[in-house]
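Here is the structure we will look at, set down as structure tokens.
The values are calculated or read from the model by the stated rules, or taken from the named source; none is laboratory data. Quick caveat: nothing in here was measured; it's all calculated off a predicted structure. Every residue, glycine among them, receives a Cβ derived from its backbone with ideal geometry; neighbour counts consider all protein chains shown. For the accessible areas, the whole protein counts, side chains as well, though only heavy atoms, and no ligand, DNA or RNA atoms are used. Shrake-Rupley method; radii C 1.70, N 1.55, O 1.52, S 1.80 Å.
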Amino acid sequence: MGDLMTRYGPATALIVVDMQNDFALPEGSLYVRDGESLAPLINAEIERATTAGSPVFYTQDWHPAVTPHFADFGGSWPPHCIQGTYGAGLVVDLDVVGQVVRKGAHGEDGYSGFTQRDAETGATVPTELDALLQAAGITAVVVVGLALDVCVKQTALDAVTNGYAVTVPTDLSRPVELSPGDGARAVAEMAAAGASAE
Ligand SMILES: [Zn+2]
């Protein structure tokens, strides 16, 4: 896992992905097993990051009720993180000390904190995350949160593509595992892309 004292600094950002009630709580509509254990662990990581001068950014899945992201409208998932609902809220125990980047707010599909797919044109469009990181002088990111094999993976892969040094501490994430082994495959895929996933 490396030296916790050197993982962070002003040029490294911590990105906390989708720590939302629908994913993290057993009663959530798209519960990721053991997600409820993560908030205290991630809060400790946020403390380490901020102590070393690292900014913290958060992503928040933020869907309209009708979106091609949901199975009823051609997508892959049950309804989740619908704008303004309890399920879409960040878990109450999570320390929120930085900017929140919402994704899917205009019906876009996708998983990454960096990019989403326009529902009408199919074009890949960026969120504001990359511009925020650039404005902060960030060259490296640490990606944690939910879920390891979906939005954490895709955020990490896009971060590599965008030129950041990427670390994914897997003890601060949990996989959905729609298919058994998806978590391990996600770790292998991120490592193959050049991320430090361990
Ligand atoms: Zn979603």
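Quick check: at a probe of 1.4 Å, how many percent of the accessible area of the range 34-161 sits on carbon and sulfur atoms? All intermediate terms of the calculation are to be shown ahead of the outcome.
Values: 2880 of 5360 Å².
Answer for the range 34-161: carbon and sulfur cover 54 percent of the accessible area.
With unit charges on the beta carbons (Lys and Arg positive, Asp and Glu negative) and the dipole taken about the Cα centre of the chain, which residue among Pro55, Asn43, Ala135 sits farthest to the positive side?
Positive-most Cα among the choices belongs to Ala135.
Taking amide H positions as placed in the peptide plane 1.01 Å from N, state which residues far from Ala165 in sequence (5 or more) or on other chains have amide H under 5 Å from it.
When sequence neighbours closer than 5 places are left aside, the close amide H contacts are Ala140, Val141.
Mind ordering 116-125, 95-104 by average Cβ neighbours within 10 Å, highest first? Could you put the intermediate results ahead of the total?
Working: 116-125: 13.5, 95-104: 17.9.
Per-residue Cβ counts within 10 Å, averaged per peptide and sorted highest first, yield 95-104, 116-125.
Between the range 117-131 and the range 10-88, what is the separation of their alpha carbon centroids in Å?
If you average the Cα positions of each part, the centres end up 19 Å apart.
Compute the accessible area per residue over the range 76-119, keeping the other protein chains in place, probe 1.4 Å, unit Å². If you can, show how the numbers build up before the last one.
Working: 2110 Å² over 44 residues.
Using a 1.4 Å probe on heavy atoms only, each residue of the range 76-119 averages 48 Å².
How large is ³J(HN,Hα), in whole Hz, for each residue of the range 23-38 in order, when computed from phi with the Karplus curve 6.51 cos²θ - 1.76 cosθ + 1.60 and θ = phi - 60°, using x for Gly and Pro?
In residue order, the calculated couplings are 9, 9, 10, x, 8, x, 6, 9, 4, 9, 3, 6, x, 5, 7, 7 Hz.
Computed over the Cα atoms of the chain, what is the convex hull's projected area averaged over all directions, in nm²? Before the final figure, lay out each step's value.
Details: hull surface 40.5 nm².
With the hull built on Cα positions only, its mean projection is 10.1 nm².
Pull up all non-local amide H partners of Glu198: gap of 5 or more, or a different chain, and H-to-H distance under 5 Å with H placed in the peptide plane.
Val168, Thr170
Return the loop-located trypsin sites (Lys or Arg not before Pro) in the range 1-78 (DSSP other than H, G, I, E, B) with at most 16 other Cβ atoms within 10 Å of their own Cβ; answer none if there are none.
On the way: sites: Arg7, Arg33, Arg48; in loops: Arg33.
When the trypsin sites (Lys or Arg not before Pro) of the range 1-78 are filtered for loop state and at most 16 Cβ neighbours within 10 Å, Arg33 remain.
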